[in-house]
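Taking it in order: structure first as structure tokens, then the write-up.
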Amino acid sequence: MAIAVRDIVPFSTARTHLSDLVLEVQNGAEKIITKNGEPAVAVIDAKRLDHYHRLEHARIHLLLLEEVDQGLADVKAGRTVDAKAGINALKQARKAARGRAAG
């Protein structure tokens with residue numbers, strides 16, 4: 001949804017007309033509050049914010065599922081490392097990194 005010029009509101013106007021602003025947002029508008037002429041915050045309906053949070057949560061789950069698929073493909077293709085060997089390699093890498101940072 002594109003933001004119209006009427007949806008860009010200076011902070012001083014938002015402060016003096018907060019009730020009107022809230023009603024507009026509850027009726028579907030999205031507002032950008034500016035401070036010193038620069039965008040400062042966005043005002044959106046709480047239900048829409050909840051929806052955005054749920055979308056982000058779903059996106060994270062999809063990314064995790066993609067990583068699981070990649071891991072299963074690696075196992076199937078034989079691209080695995082023994083757990084002890086992998087942990088030892090990580091420890092060695094950390095030790096080397098600490099040595100470079102200290103030196």
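Read the figures in this text as sums done on the coordinates, not as results from a lab. Quick caveat: nothing in here was measured; it's all calculated off a predicted structure. Neighbour counts run over all protein chains shown; Cβ positions are idealised from the backbone, glycine included.
For region 48-102, the normalised intensity computed at q = 0.21 Å⁻¹ comes to -0.82 (log10 of I(q)/I(0), Debye sum over alpha carbons, equal scatterers, no solvent). Highest mobility in the GNM of the chain, judged by mean-square fluctuation with C-alpha springs under 10 Å and restricted to 93, 42, 29, is found for 93.
Within the chain, antiparallel bridges make up roughly 60 percent of the DSSP beta bridges whose residues both belong there. Straight-line cross-link reach from residue 35 at under 26 Å between alpha-carbon atoms covers these lysines, not counting any fewer than eight positions away in the same chain: 47.
Evaluating 6.51 cos²θ - 1.76 cosθ + 1.60 at θ = phi - 60° for every residue in region 9-25, the Karplus couplings come out as 10, x, 3, 4, 5, 4, 5, 7, 10, 4, 4, 5, 4, 4, 4, 4, 5 Hz, glycine and proline recorded as x. The dipole here belongs to region 5-44: it is taken about the Cα centre, uses +1 on the Cβ of Lys and Arg and -1 on the Cβ of Asp and Glu, and is about 120 debye. Within the listed set 48, 79, 59, the Gaussian network model of the chain (springs between alpha-carbon atoms below 10 Å) gives the highest mean-square fluctuation for 79.
Looking at the square roots a ≥ b ≥ c of the eigenvalues of the Cα gyration tensor of region 5-44, which shape do they give, rounded for a/c under 1.5, prolate if a/b is larger than b/c, or oblate?
Since a/c reaches 1.5 but b/c is at least a/b, the shape of region 5-44 is classed as oblate.
Going from the fewest other Cβ atoms within 10 Å to the most, the residues 19, 12 appear in the order 19, 12.
Placing unit charges on each Cβ (+1 for Lys and Arg, -1 for Asp and Glu) gives the chain a dipole about its Cα centre, and among 9, 85, 57 the Cα reaching farthest toward its positive end belongs to 85. A Gaussian network model of the chain, with springs between Cα atoms under 10 Å, assigns the largest mean-square fluctuation among 71, 86, 28 to 86.
Just from its helices, what would the mean residue ellipticity at 222 nm be for the chain, if runs of 4 or more DSSP H residues each count -39500 (n - 2.57) and the sum is divided by every residue, rounded to the nearest 500 deg cm²/dmol?
Numbers: 4 runs with 66 residues, N = 103.
After summing the helix terms and dividing by residue count, I get -21500 deg cm²/dmol.
With mean projected area of the Cα convex hull in nm² as the read-out, I listed (i) 13.7; (ii) 12.9; (iii) 15.4; which label goes with the value calculated from this structure? After the calculation, the listed value that fits is (ii).
Under 5 Å from the amide H of residue 9 lie the amide H atoms of 32, 33, 34, each residue being 5 or more positions distant or on a separate chain, with H modelled from the backbone and absent for Pro and chain starts.
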